[in-house]
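Every number in this text was worked out from the coordinates using simple rules, so none of it is lab data. As the structure is a computational prediction, the values presented were derived from the model and not from experiment. Every residue, glycine among them, receives a Cβ derived from its backbone with ideal geometry; neighbour counts consider all protein chains shown.
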Amino acid sequence: MKGGPRITGLHLYVEGFISHLNIQEIIRYLQRWMKGSDIAFRGNFFRHHLSTRPKGVTPRRIQRLAQELVFHRIRDATRRDSGDRRPMEVEVAYERRRIGQEDFRSFGILYDGFGLQRIFSGLISEDERYLNHCHIIFTNQLLGTWDEDDHRYHARVSVYGFPSLISTTGVVEAPAKPREFYLKRPLGIPLEILKDELRGRFIDHGDSRLTEILKGYVIQALFFQMTGDPFCDDPQCRLYNAHWQEELIRAQLDGKYEFCKSHREFLNRLAGLQ
Ligand SMILES: [Zn+2]
């Protein structure tokens with residue numbers, strides 16, 4: 001496993017209101033390995049990058065940005081192209097609020113993850129568009145990517161790239177719940193009873209373990225940028241690409257160890273410990 005350019009600036013952002021996210025705990029966690037890097041929380045992604053633009057932000061620019069965001073909403077998960085339908089003003093107004101209001105509480109709209117990533121990437125200033133800068137955004141919206149095999153969008157926890165996006169709603173919604181959930185749900189068993197029966201086997205909204213889980217996804221984003229490969233085959237390793245809630249819980253919370261030997265050695269080298 002070869003490392004790419006050294007990351008000198010690691011920038012964390014949020015987008016929308018996210019409960020149970022302790023950014024300072026994530027920063028302390030990263031500092032174990034990224035000792036020479038400047039790790040900072042920059043708050044809301046839009047506010048940070050729009051306010052640092054030399055020419056300021058015009059209402060026209062915000063309007064255009066809001067329209068682009070609407071364009072990347074997925075209305076029909078079975079269609080790759082949502083057509084050239086003109087965005088409705090109510091949708092554009094929603095996106096304008098999302099851009100302007102830092103603690104925007106609405107969550108769960110499904111966006112094309114790579115489309116969203118392109119929009120965010122376009123807002124990052126010239127001098128931070130180098131691979132020694134790593135930008136990671138936590139969003140409360142849902143990210144989808146198109147699957148060529150079954151020709152539909154699937155929700156994802158994360159979309160890695162420049163910048164990397166991690167969806168806190170995706171932690172709950174993207175990996176599948178235990179099979180019993182899907183077998184028993186159509187039988188009319190009330191959701192709360194079913195959730196009670198399967199307690200501990202999936203992550204729900206408002207789960208206090210969210211920060212601990214997100215540490216692993218941030219490490220995946222770092223590996224993507226440093227090596228091009230964010231994933232690992234070892235189900236106990238935090239880099240395991242979980243498709244089921246039970247896999248996510250094992251990799252991020254209940255594993256026998258945090259990282260497999262090879263990822264642990266990479267991180268230790270990064271920290272200068274060996
Ligand atoms: Zn591993």
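Okay, here's what the table says:
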| quantity | calculated |
| --- | --- |
| Where labels lie 7 Å past Cα in the beta-carbon direction, separation of ARG152 and ASP76 in nm | 1.4 nm |
| Whole-Å semi-axes of the chain's equivalent ellipsoid (Cα gyration tensor) | 29, 27, 16 |
| For ASN44, residues with placed amide H under 5 Å, excluding near neighbours | VAL14 |
| Computed FRET value (nearest 0.05) for ARG118 with HIS205, which takes r as the C-beta separation and R₀ as 22 Å | 0.20 |
| Cα→Cβ-extended label distance, 7 Å offset, between ILE193 and ARG86, nm | 5.1 nm |
| Simple Cβ-charge dipole of the chain, Lys/Arg +1 and Asp/Glu -1, about Cα centre, in debye nearest 20 | 620 debye |
| Net dipole in debye of region 1-84 [+1 Lys, Arg Cβ; -1 Asp, Glu Cβ; about Cα centre; nearest 20] | 280 debye |
| Selection of trypsin sites (Lys or Arg not before Pro), region 26-66, meeting DSSP coil and at most 13 other Cβ within 10 Å | ARG32, LYS35, LYS55 |
| Stretch gain in nm, segment ARG61-PHE17, where the contour uses 0.36 nm per residue and the Cα spacing is subtracted | 13.5 nm |
| Gained length - ASP254 relative to LYS35, 0.36 nm times residue gap less alpha-carbon distance | 76.2 nm |
| Beta bridges per DSSP with both ends in region 9-271, % antiparallel, nearest 5 | 30 percent |
| Positive-pole candidate from SER262, GLN245, PRO235, dipole of region 194-274, charges at beta carbon | SER262 |
| Selected from LEU12, LEU30, LEU248 as most flexible by GNM, with the chain as the system and alpha-carbon contacts under 10 Å | LEU30 |
| Residue order, fewest to most surrounding Cβ atoms within 10 angstrom, among THR139, THR78 | THR78, THR139 |
| Top of TYR111, TYR153, TYR182 by mean-square fluctuation, Gaussian network on the chain, Cα under 10 Å | TYR182 |
| Sequence of SER262, SER51 once ranked by neighbouring C-beta atoms within 10 Å, starting from the fewest | SER51, SER262 |
| Reach of LYS256 by Cα under 16 Å, taken over aspartates and glutamates that are not fewer than 8 positions away in the same chain | GLU212, ASP233, ASP234, GLU246, GLU247 |
| Nonlocal amide H pairs with ILE39, under 5 Å, H built at 1.01 Å | LEU10 |
| Relative exposure of LEU194, LEU165, LEU253, LEU69, judged by other C-beta atoms within 10 Å (fewest first) | LEU253, LEU194, LEU69, LEU165 |
| Cβ-placed point charges (K, R +1; D, E -1), dipole of region 136-274 about Cα centre in debye, nearest 20 | 300 debye |
| Cubic angstrom per residue, convex hull over Cα atoms of region 107-175 | 90 Å³ |
| Overall dimensions of region 201-265 by Cα: Rg and Dmax, Å | 11.4, 34 |
